[in-house]
1. Just give me the residues in the stretch 81-130 being touching a helix residue (DSSP H, G or I) at 6+ places or on another chain (Cβ under 9 Å), more than 16 Å from the ligand (Cβ to nearest atom) and either in a strand (DSSP E or B) or closer than 12 Å to residue 20 by Cβ (or both), in sequence order.
2. Looking only at the stretch 131-148, filter to residues that are part of a strand (DSSP E or B) and of a type in the set (A, V, I, L, M, F, W, C); which one of those is farthest from residue 95 (Cα to Cα)?
3. Are any residues in the stretch 8-62 among the hydroxyl-bearing types (Ser, Thr, Tyr), away from the ligand (no atom under 11 Å from the Cβ) and under 18 Å from residue 132 (Cβ atoms), and if so, which ones?
4. For residues that are open to solvent by 60 Å² or more (accessible area, probe 1.4 Å), at pLDDT 90 or above and at positive phi, tally how many sit in the stretch 125-176.
5. Can you pull out the residues in the stretch 24-71 that are among the basic types (Lys, Arg) and exposed (fewer than 15 other Cβ atoms within 10 Å of the Cβ)?
Amino acid sequence: MKISIPPYVHSWPAPAVLVGCGTVAKPNLITIAWFGTVCSEPPHITISVRPSRFSFDLIKLSGEFTVNIPTVEQLNAVKLCGEKSGRHIDKFKELGWTPRLCPPLVAAPMVEECFLSLGCKVKHILPLGTHHSFISEVVCVYIEESLIRHQRRPDPKPESQLVWLDTKYWQLNKLDK
Ligand SMILES: Cc1cc2nc3c(=O)[nH]c(=O)nc-3n(C[C@H](O)[C@H](O)[C@H](O)COP(=O)(O)O)c2cc1C
């Protein structure tokens, strides 16, 4: 028998992505698990960010950010960007990573070392409570050339993507043929 418990957000499997913000000259990265697709055409995604994060004001100010997909080999970077604040350290420098311009974005840096980066422009900001949801259009995609398959769609590298679930990191297993 099911019983009723107080409402809360259950820990679904969520991607852990690296969001690039600020500028190429003064870049920052924040690990985000509250990330999701909200429209396929025109492509829109959402990220939810607490106003207390250093990245929050950077994203609000420029109205743009990048979403960089890390691999399991980059777990240490995901941990660093999710545990340290850009108020105190330069995360790109700490990781030895390269911030690169992501045209047509004019400010937000993408991570050269990540195989896939999305350039996003903020369309709506929804203050929901603990988090504000940034509903944003994906205006450009940069991908490692070797991963391009048919119709310019990239191999999503499912076996090397990170999942955040129940305060731990996981890796995916394929069930279908
Ligand atoms: C796996 C993981 C997922 C996270 N997801 C979010 C998120 O969705 N939204 C958020 O505001 N903070 C999230 N955080 C916390 C921020 O990444 C963390 O507070 C970070 O240090 C903020 O950096 P900043 O101050 O440079 O912006 C997450 C942290 C981890 C480790």
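The values are calculated or read from the model by the stated rules, or taken from the named source; none is laboratory data. Predicted, not measured: the structure shown is a model, and the values here were computed from it. In this analysis, Cβ positions are derived from the backbone assuming ideal geometry, glycine residues included, and neighbour counts consider all displayed protein chains. Note: accessible area is taken over every heavy atom of the protein model, side chains too, but ligands, DNA and RNA are not part of it. Shrake-Rupley method; radii C 1.70, N 1.55, O 1.52, S 1.80 Å.
1. 98, 105, 113, 116
2. Once the filter is applied, the top-ranked residue is 135.
3. If the condition is that a residue be among the hydroxyl-bearing types (Ser, Thr, Tyr), away from the ligand (no atom under 11 Å from the Cβ) and under 18 Å from residue 132 (Cβ atoms), then 62 is the only one that fits.
4. Summing the residues that are open to solvent by 60 Å² or more (accessible area, probe 1.4 Å), at pLDDT 90 or above and at positive phi in the stretch 125-176 gives 2.
5. The first filter runs over the stretch 24-71 and keeps only residues among the basic types (Lys, Arg), leaving 26, 50, 53, 60.
Selection gives 26, 50.
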